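I have placed the structure first, in the form of structure tokens, so that the comments after it can refer back to it.
The values are calculated or read from the model by the stated rules, or taken from the named source; none is laboratory data. Worth saying up front: this structure is predicted, and the values here are computed from it rather than measured. All Cβ positions, even for glycine, are placed from backbone atoms using ideal geometry, and neighbour counts span all protein chains on display.
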Ligand code: DUC
Ligand code: ZN
Ligand code: ZN
């Protein structure tokens, strides 16, 4: 090693793209420059004996300092959200710059960038939420945003204030294909939900548990099937976000089997919560209300299976930081109905620890699958592969050192967001990311933050489709062909 190292992480169990190496990671100028045993000392040495050295996580679905469709601003800003993410082993987030009706994309992006710039402690990119696909947006602003590094957008099939109709979806899918962006789809049938909700409310069924009744699994499965069908007509790959129901997993799996280019994501709330959580005493169930809602044990099992067999490629938090008070879950206090509660649950910090404990340590997924689901696949799909998502020479030194033996009883008081509660309070898990490194900087160690406000960098993302055809480990993903096939299809289509 001619030049010295800034940081050497020693004696770890390092998970690279397709191997496990017992040895050291050498870091210089924020990048990984060596992975082998016996590296020389760095300016700083960290002993990782007994610990897994994994890529820092990428959370590609979280809502930070963003106005919701109901007009609610969450409790976390870019500082608290990124601090919380870092403590949970995540080193990159991709939240949403949200265009609401009547808003112009350049204004939305400029405002959002300004919010993030002085606060984020880890790196971040933006997706765009698209609710106003007017001529200016479609012909000028959206292509420009994609060219400028916002290579993915989210559209809604539900929420009156956000939803696009099928005609608009076709237009957006077509434009995404032309410009090489990935479309993320919130797939729920708006009219089914409205129809059910109205009848429930008319009959006085206003408690949180009725949120899960109104958001019937059929509404999710129908919209998912429709989104896939529309995307097939246009030849665009889409990604179905926050898959909750077992029936939706089935819809996606069969479409994939038939060759549809559909990718999918799920989240901790669909693995670890059920609709029964919404039926807690009083309004307590509001803490577990998100859309789609958590389902049942069968659906949890289907999601595990989807992760294990590659039907679902990304695991994100969908962190939506609404407090259990008038600012979030309970705008009308005790009189709040399920229709009025802000939808969403927190999860930035616990996303990875929950999956590590219940997935890896309980043998449901391999350590390589953990890396793919929490980091590598996000990097591939969202145009970050050159820098993020894997422990590999030349990539940013974004790392998390996991102690697999550390037992943790989850308590909100130990977390770093501003939501005021966690849906996972009291749950005992095993494994914790004790040291977290972002671009070679140790940002979390010994339970303390060592990063300055505003030290996170904005990531101008590449169009994943053209710039970096994703690799597939194959070793851990039986359906490994799917991803590259989807993106190759988009390239040629
Ligand atoms: N559903 C969404 O669509 N977004 C934020 C959180 C939620 O529950
Ligand atoms: Zn959504
Ligand atoms: Zn969301």
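Touching a residue at least 12 places away in the same chain (Cβ under 8 Å), within 23 Å of residue 79 (Cβ to Cβ) and touching a strand residue (DSSP E or B) at 6+ places or on another chain (Cβ under 6 Å) - does that describe any residue in the stretch 354-373? Can you show your working first?
Taking the stretch 354-373 as the starting set, the residues that turn out to be touching a residue at least 12 places away in the same chain (Cβ under 8 Å) are 354-361, 364-373.
If we keep only those that are within 23 Å of residue 79 (Cβ to Cβ) too, we end up with none.
No - not one qualifying residue is present in the stretch 354-373.
Would you mention how many residues in the stretch 247-262 are closer than 16 Å to residue 186 by Cα and at pLDDT 95 or above?
Taking the stretch 247-262 first, the residues closer than 16 Å to residue 186 by Cα are 247-249, 251-252, 262.
Applying the additional criterion that residues be at pLDDT 95 or above yields 247-249, 251-252.
The qualifying residues number 5.
Name the pairs whose Cβ atoms lie under 8 Å apart, with the first residue in the stretch 251-277 and more than 18 Å from residue 381 (Cα to Cα), the second part of a strand (DSSP E or B), and 6 or more positions between them or separate chains?
These pairs meet every condition: 255/262; 268/315; 269/345; 273/345.
Quick grid of which residues meet (1) on the phi < 0 side of the Ramachandran plot; (2) more than 16 Å from ligand 1 (Cβ to nearest atom); (3) surrounded by 17 or more Cβ atoms within 10 Å (Cβ to Cβ):
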| site | (1), (2), (3) |
| --- | --- |
| 59 | yes, no, yes |
| 92 | yes, yes, yes |
| 95 | yes, no, yes |
| 125 | yes, yes, yes |
| 144 | yes, yes, no |
| 148 | yes, yes, no |
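The rows are residues; the columns are (1) under 22 Å from the mean Cα position of the chain (by Cα); (2) buried (at least 24 other Cβ atoms within 10 Å of the Cβ); (3) more than 16 Å from ligand 1 (Cβ to nearest atom).
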| site | (1), (2), (3) |
| --- | --- |
| 279 | no, no, yes |
| 284 | no, no, yes |
| 293 | yes, yes, no |
| 305 | yes, no, yes |
| 318 | yes, yes, no |
| 332 | no, no, yes |
| 339 | no, no, no |
| 349 | yes, yes, yes |
| 352 | yes, yes, yes |
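How do the pairs read when you match residues in the stretch 318-331 that are at positive phi and in contact (Cβ under 8 Å) with a residue 40 or more places away in the chain with residues anywhere that are within 14 Å of ligand 1 (Cβ to nearest atom) and in a loop (DSSP other than H, G, I, E, B), using Cβ under 9 Å and keeping only pairs 6 or more apart or on different chains?
Final answer for the pair search is 318/63; 318/241; 318/242; 318/267; 318/290; 318/344; 318/347.
Condition check ((1) crowded, with 24+ Cβ neighbours inside 10 Å; (2) touching a residue at least 24 places away in the same chain (Cβ under 8 Å)) across all residues:
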position: 214; (1), (2): no, yes
position: 219; (1), (2): yes, yes
position: 222; (1), (2): no, yes
position: 226; (1), (2): no, yes
position: 229; (1), (2): no, no
position: 234; (1), (2): no, yes
position: 238; (1), (2): yes, yes
position: 245; (1), (2): yes, yes
position: 249; (1), (2): yes, yes
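So which strands (runs of 3 or more DSSP E) stay within the stretch 33-93 end to end and still have 1 or more residues that are at pLDDT 95 or above and either out of contact with any strand residue (DSSP E or B) (no Cβ under 8 Å at 6 or more places or on another chain) or within 19 Å of residue 109 (Cα to Cα) (or both)? Step through it out loud before you land on a result.
Values: elements: 42-47, 52-55, 57-62.
Fully inside the stretch 33-93 and qualifying: 57-62.
Specify which of the listed residues (200, 164, 169) is over 28 Å from residue 92 (Cα atoms), at pLDDT 95 or above and assigned to a loop (DSSP other than H, G, I, E, B). Explain how you work it out, then say what you get.
On the way: 200 fails: assigned to a loop (DSSP other than H, G, I, E, B); 169 fails: assigned to a loop (DSSP other than H, G, I, E, B).
None of the other options fit; the residue is 164.
Considering each of 229, 206 in turn, give the residue that is modelled with pLDDT of 95 or more and part of a helix (DSSP H, G or I). Steps first, please.
Values: 206 fails: part of a helix (DSSP H, G or I).
Unique residue meeting the criteria: 229.
With the checklist (1) buried (at least 20 other Cβ atoms within 10 Å of the Cβ); (2) in a loop (DSSP other than H, G, I, E, B); (3) out of contact with any strand residue (DSSP E or B) (no Cβ under 8 Å at 6 or more places or on another chain) in hand, flag the one item residue 137 doesn't pass.
(2)
With the structure loaded, tell me whether residue 280 is within 16 Å of ligand 2 (Cβ to nearest atom) and touching a helix residue (DSSP H, G or I) at 6+ places or on another chain (Cβ under 8 Å) or whether it fails that test. Working first, answer last.
Details: within 16 Å of ligand 2 (Cβ to nearest atom): no; touching a helix residue (DSSP H, G or I) at 6+ places or on another chain (Cβ under 8 Å): yes.
Judged against the criteria, residue 280 is not a match.
Test residue 312 against the stated conditions and say whether it is part of a loop (DSSP other than H, G, I, E, B) and within 16 Å of ligand 3 (Cβ to nearest atom).
It is true that residue 312 is part of a loop (DSSP other than H, G, I, E, B) and within 16 Å of ligand 3 (Cβ to nearest atom).
Given the criterion touching a residue at least 24 places away in the same chain (Cβ under 8 Å), in a strand (DSSP E or B), surrounded by fewer than 22 Cβ atoms within 10 Å (Cβ to Cβ) and at negative phi, identify the matching residue among 154, 119. If you could, list the steps in order and put the result at the bottom.
On the way: 119 fails: in a strand (DSSP E or B).
It is 154.
In the stretch 258-277, which residues are in a loop (DSSP other than H, G, I, E, B), touching a helix residue (DSSP H, G or I) at 6+ places or on another chain (Cβ under 6 Å) and either within 24 Å of residue 364 (Cα to Cα) or within 16 Å of ligand 2 (Cβ to nearest atom) (or both)? Talk me through it step by step, then tell me what you get.
Taking the stretch 258-277 as the starting set, the residues that turn out to be in a loop (DSSP other than H, G, I, E, B) are 258-261, 267, 273-274.
Filter again for touching a helix residue (DSSP H, G or I) at 6+ places or on another chain (Cβ under 6 Å), leaving 260-261, 273.
Correct list: 273 only.
Of all residues in the stretch 64-90, which are within 16 Å of ligand 2 (Cβ to nearest atom) and buried (at least 24 other Cβ atoms within 10 Å of the Cβ)?
Across the stretch 64-90, the qualifying residues are 64, 74.
Kindly indicate the residue of the stretch 343-367 that is out of contact with any helix residue (DSSP H, G or I) (no Cβ under 9 Å at 6 or more places or on another chain) and not in a loop (DSSP other than H, G, I, E, B) and also farthest from residue 180 (Cα to Cα) among those meeting that condition.
Ranking the qualifying residues of the stretch 343-367, first place goes to 357.
Each row is one residue, and each column tells you yes or no for (1) more than 16 Å from ligand 1 (Cβ to nearest atom); (2) touching a helix residue (DSSP H, G or I) at 6+ places or on another chain (Cβ under 9 Å); (3) within 28 Å of residue 330 (Cα to Cα).
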site: 116; (1), (2), (3): yes, yes, yes
site: 131; (1), (2), (3): no, no, yes
site: 135; (1), (2), (3): yes, no, no
site: 138; (1), (2), (3): yes, yes, no
site: 161; (1), (2), (3): no, no, yes
site: 174; (1), (2), (3): yes, yes, no
site: 197; (1), (2), (3): no, yes, yes
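Being in contact (Cβ under 8 Å) with a residue 40 or more places away in the chain, within 16 Å of ligand 2 (Cβ to nearest atom), under 21 Å from residue 222 (Cα atoms) and in contact with a strand residue (DSSP E or B) (Cβ under 6 Å, 6 or more places away or on another chain), is that true of even one residue in the stretch 336-348?
No, the stretch 336-348 contains no residue that is in contact (Cβ under 8 Å) with a residue 40 or more places away in the chain, within 16 Å of ligand 2 (Cβ to nearest atom), under 21 Å from residue 222 (Cα atoms) and in contact with a strand residue (DSSP E or B) (Cβ under 6 Å, 6 or more places away or on another chain).
State whether one or more residues within the stretch 38-55 are within 14 Å of residue 440 (Cβ to Cβ) and touching a helix residue (DSSP H, G or I) at 6+ places or on another chain (Cβ under 7 Å).
yes
Among the residues of the stretch 161-187, write down those that are touching a residue at least 40 places away in the same chain (Cβ under 8 Å), away from ligand 3 (no atom under 16 Å from the Cβ) and surrounded by fewer than 22 Cβ atoms within 10 Å (Cβ to Cβ).
Let us first name the residues in the stretch 161-187 that are touching a residue at least 40 places away in the same chain (Cβ under 8 Å), namely 161-162, 166, 169-170, 172-174, 176-177, 179-187.
Those still in the list that are away from ligand 3 (no atom under 16 Å from the Cβ) too: 166, 169-170, 172-174, 176-177, 179-181.
Passing the criteria: 166, 170, 174, 177, 179, 180.
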